[in-house]
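A short write-up of the structure that comes next.
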Amino acid sequence: MPPQHSPRRARIAFSDSAAKQLENITSESEIHALDRALVVVSVDPDVGEPIPGDTAGPQLRQYTDEIEAVRVLYFVTALRTVVVVAYIEV
């Protein structure tokens, strides 16, 4: 019997503004908290709640980890292989 593989994770990409926010995070605990949130989103891109708004573009979603106090706004590409993070709040 062939080994079972877990589902493929989505790749995480950052918008320019999210990349700037990422550069400003210096606390190791904040980096760890953000990393945990990004892993959750990459494993299950549908985990976040949809944010109501314009339906012309990709659906903006919000994932909030109450324990780690992290909020990530993101959207998933059409092929569901890339999650683009638009905003980070740690």
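The values are calculated or read from the model by the stated rules, or taken from the named source; none is laboratory data. Quantities reported herein were computed from a predicted structural model and do not represent experimental measurements. We place every Cβ from the backbone using ideal geometry, glycine too, and count neighbours over all the protein chains shown. Just the protein is used for accessible areas: all its heavy atoms, side chains included, with ligands, DNA and RNA removed. Shrake-Rupley method; radii C 1.70, N 1.55, O 1.52, S 1.80 Å.
Residues in the range 35-64 that are open to solvent by less than 50 Å² (accessible area, probe 1.4 Å), part of a helix (DSSP H, G or I) and in contact with a helix residue (DSSP H, G or I) (Cβ under 8 Å, 6 or more places away or on another chain): 41 alone. Within the option set 67, 25, being of a type in the set (A, V, I, L, M, F, W, C), at pLDDT below 95 and open to solvent by 70 Å² or more (accessible area, probe 1.4 Å) holds for one residue only, 67. For the residues 43, 85, the requirement of being within 17 Å of residue 16 (Cα to Cα) and not charged (D, E, K, R) singles out 85. Here residue 81 does not fit the description of being surrounded by fewer than 12 Cβ atoms within 10 Å (Cβ to Cβ) and out of contact with any Phe, Trp or Tyr (no Cβ under 9 Å at 6 or more places or on another chain). Assess whether residue 37 counts as being over 12 Å from the mean Cα position of the chain (by Cα) and of a type in the set (A, V, I, L, M, F, W, C). No, not satisfied. For the range 45-64, the set of residues classified as out of contact with any Lys or Arg (no Cβ under 9 Å at 6 or more places or on another chain) and at pLDDT 90 or above consists of 60, 61, listed by residue number. Looking at the structure I just gave you, is residue 72 assigned to a strand (DSSP E or B), open to solvent by less than 50 Å² (accessible area, probe 1.4 Å) and in contact (Cβ under 8 Å) with a residue 40 or more places away in the chain? Judged against the criteria, residue 72 is not a match.
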